[in-house]
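Take a look at the structure set out below.
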Amino acid sequence: SGVQYDYDLIVIGGGSGGLAASKEAASFGKKVAVCDFVVPSPQGTTWGLGGTCVNVGCIPKKLMHKAAIIGEDLKDARAFGWDVPEQVVHNWTNMVDEIQNYVKSLNFGYRKVLKENTVTYLNAYAQFVDAHTVKVTDKKNNVQHITARDFIIAVGGRPRYPDIPGAKEYGITSDDLFSLKYHPGKCLIVGASYIALECAGFLHAVGIDCTIMVRSILLRGFDQQLAEMIGDHMMGHGMKFIRPCVPTKIEKISDGEPGFGKMDSGEIVEGEYNTILFAVGRSACTHNIGLDNIGVKLNPSNGKIIVDKEERTSVNNIYAIGDVIDGKLELTPVAIQAGKLLAQRLYKNQTVLTDYVNVPTTVFTPLEYGFVGVSEEDAVASYGKDDIEVYHSFYQPLEYALTDRDNNKCYGKLVCVKSKGERVVGFHVLGPNAGEVTQGFALGVKLGAKKSDFADLIGIHPTTAEVGLHKDSG
Ligand code: FAD
Ligand code: NA7
């Protein structure tokens with residue numbers, strides 16, 4: 001058509017998916033803009049360009065997890081000859097400052113990369129007016145209308161709060177934790193998502209008193225045997241669990257210290273905490289962006305955008321990727337891959353679709369849990385109990401041997417389908433560096449490796465990855 005638009009493509013959301021898509025599209029000579037705007041959390045926390053992963057997700061999370069690992073290693077250091085003092089203290093604000101400085105350098109780097117790629121960056125909130133027009137509003141309330149032929153929605157999600165008195169006034173979420181300017185003090189973590197357990201794990205390891213309030217199961221959607229092992233390990237290390245329990249009310253009982261609260265549960269539990277961290281799930285940011293004006297269909301049960309296998313929404317020129325889409329994995333590399341491939345299909349005549357199957361992932365709890373493929377429960381549901389063979393073993397990493405740390409608590413499991421020649425459909429490992437271990441094995445699983453292929457491969461000794469080869473049967 002002869003219609004002139006301001007841009008070929010406007011990407012809404014400058015996170016993992018949006019940045020990847022915009023850079024890729026611009027590299028094919030397209031005129032691209034990215035709108036990225038962070039609505040402050042109820043506690044007033046905001047951050048720079050890059051989205052969840054860089055600012056309030058993977059990056060600060062993994063660095064705090066590393067702080068935890070260093071703390072654990074310090075406990076073992078004397079056994080290896082290091083004359084460290086018996087009492088080593090951790091300084092919360094120093095850790096936060098260092099991590100935030102690094103995050104700010106990443107924010108700066110992303111702006112630079114957009115500029116180098118001639119992508120226009122608008123630090124403004126976008127809302128659809130019609131299928132080719134968005135209204136963008138900046139911090140100073142300046143409004144403009146801009147048009148494009150195509151749109152990619154990559155607005156991600158934000159933490160949810162339980163609907164109870166005091167939650168938003170006195171609670172915090174992962175959006176606030178990683179830049180928290182004060183020591184959190186005694187903590188209550190509400191929820192049993194991977195985010196809840198990861199946060200509890202590193203908070204505990206840097207010396208913070210942690211209680212975790214769990215409504216039902218741990219790590220819904222993950223292999224439940226491994227989930228319970230993670231819970232047992234955390235309990236064994238002194239983290240407290242209240243389970244099953246939900247919070248009903250939060251009150252401030254003393255001034256001065258932020259977030260000092262009182263906690264009433266539906267049962268009889270009542271407790272006092274300095275910080276209450278909610279990690280009860282995330283909601284897609286689809287409610288206030290004008291989708292009803294243009295007819296982009298959502299899944300009514302979770303507010304996520306419904307897309308086809310090409311990530312196209314119900315409106316022809318509008319696509320969606322990343323955490324905001326329905327029924328897919330909420331992971332940074334998934335959003336990046338989807339963004340890149342979508343731009344290649346739109347502007348470079350490519351046809352490759354994002355493959356959402358067999359995506360490896362890792363939960364960075366104190367004992368890390370890496371997996372690829374399906375849980376044992378899901379394998380049984382898909383193939384039937386009789387067609388599943390499980391191989392597993394407990395192991396003790398050599399690194400832990402001198403101090404007998406977590407004696408034989410590490411674990412590996414292969415879930416195989418008998419009728420497919422014992423093809424491995426689930427690989428699970430619980431132990432140090434589980435992410436590093438899982439990444440490599442994921443290639444094997446993706447290529448259709450069988451139990452016999454794992455058994456034939458000779459291990460690297462001495463490593464924890466050796467356990468992936470599972471000689472024992474379950
Ligand atoms: P996001 O990165 O969330 O980006 C969306 C952006 O859009 C945000 O900047 C938002 O402010 C902006 N925005 C929203 N609405 C508008 C609007 N109307 N106009 C303009 N801008 C808007 N994944 C992993 O792979 N590994 C991990 O270890 C990991 N750990 C995590 C830990 C935590 C605590 C959390 C919360 C998440 C973690 N994730 C992890 C998930 C990962 O962060 C997300 O999957 C990823 O960031 C999704 O990218 P996205 O592009 O879909 O959205
Ligand atoms: P998840 O992973 O389902 O996590 C939500 C967690 O919070 C889960 O443990 C819930 O318990 C718990 N929860 C939810 N509401 C409450 C209330 N009101 N009180 C106490 N506890 C609560 O959600 P996410 O949005 O983080 O992730 C969704 C999916 O994305 C996830 O499955 C991953 O595969 C990726 P529950 O188990 O429901 O009892």
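The values are calculated or read from the model by the stated rules, or taken from the named source; none is laboratory data. What you see is a predicted model, and the numbers here were worked out from it, not measured in a lab. Cβ: placed from backbone, ideal geometry, glycine included. Neighbour counts: every protein chain shown.
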field: Selected residue [among the aliphatic types (A, V, I, L, M), over 17 Å from the mean Cα position of the chain (by Cα) and buried (at least 23 other Cβ atoms within 10 Å of the Cβ)] from L197, L177, L188
entry: L188
task: Would you confirm whether any residue within region 250-267 is at pLDDT 95 or above and in contact with a Lys or Arg (Cβ under 6 Å, 6 or more places away or on another chain)?
output: no
- request: Would you check if there is a residue in region 144-152 being of a type in the set (V, I, T) and surrounded by fewer than 19 Cβ atoms within 10 Å (Cβ to Cβ)?
  value: yes
message: Out of everything in region 211-247 that is within 16 Å of ligand 1 (Cβ to nearest atom) and hydrophobic (A, V, I, L, M, F, W, C), what residue ends up being nearest to A68 (Cα to Cα)?
response: I230
message: Within region 377-400, does at least one residue satisfy the condition of being within 16 Å of ligand 2 (Cβ to nearest atom) and touching a Phe, Trp or Tyr at 6+ places or on another chain (Cβ under 6 Å)?
response: no
message: What's the total number of residues in region 304-350 that are away from ligand 1 (no atom under 13 Å from the Cβ) and part of a loop (DSSP other than H, G, I, E, B)?
response: 13
task: Answer yes or no as to whether V334 is crowded, with 17+ Cβ neighbours inside 10 Å, of a type in the set (V, I, T), within 16 Å of ligand 2 (Cβ to nearest atom) and over 30 Å from Y182 (Cα atoms).
output: yes
- line: Reported set for region 410-434 where residues are basic (K, R) and in contact with a helix residue (DSSP H, G or I) (Cβ under 6 Å, 6 or more places away or on another chain) is K418
- prompt: Got at least one residue in region 161-169 being within 15 Å of ligand 1 (Cβ to nearest atom) and either over 30 Å from V390 (Cβ atoms) or buried (at least 23 other Cβ atoms within 10 Å of the Cβ) (or both)?
  reply: yes
query: I289: modelled with pLDDT of 95 or more, among the β-branched types (V, I, T), in contact with a strand residue (DSSP E or B) (Cβ under 6 Å, 6 or more places away or on another chain) and more than 16 Å from ligand 2 (Cβ to nearest atom), yes or no?
result: yes
message: If V155 satisfies all but one of (1) buried (at least 16 other Cβ atoms within 10 Å of the Cβ); (2) closer than 29 Å to E228 by Cα, what's the number of the condition it fails?
response: (2)
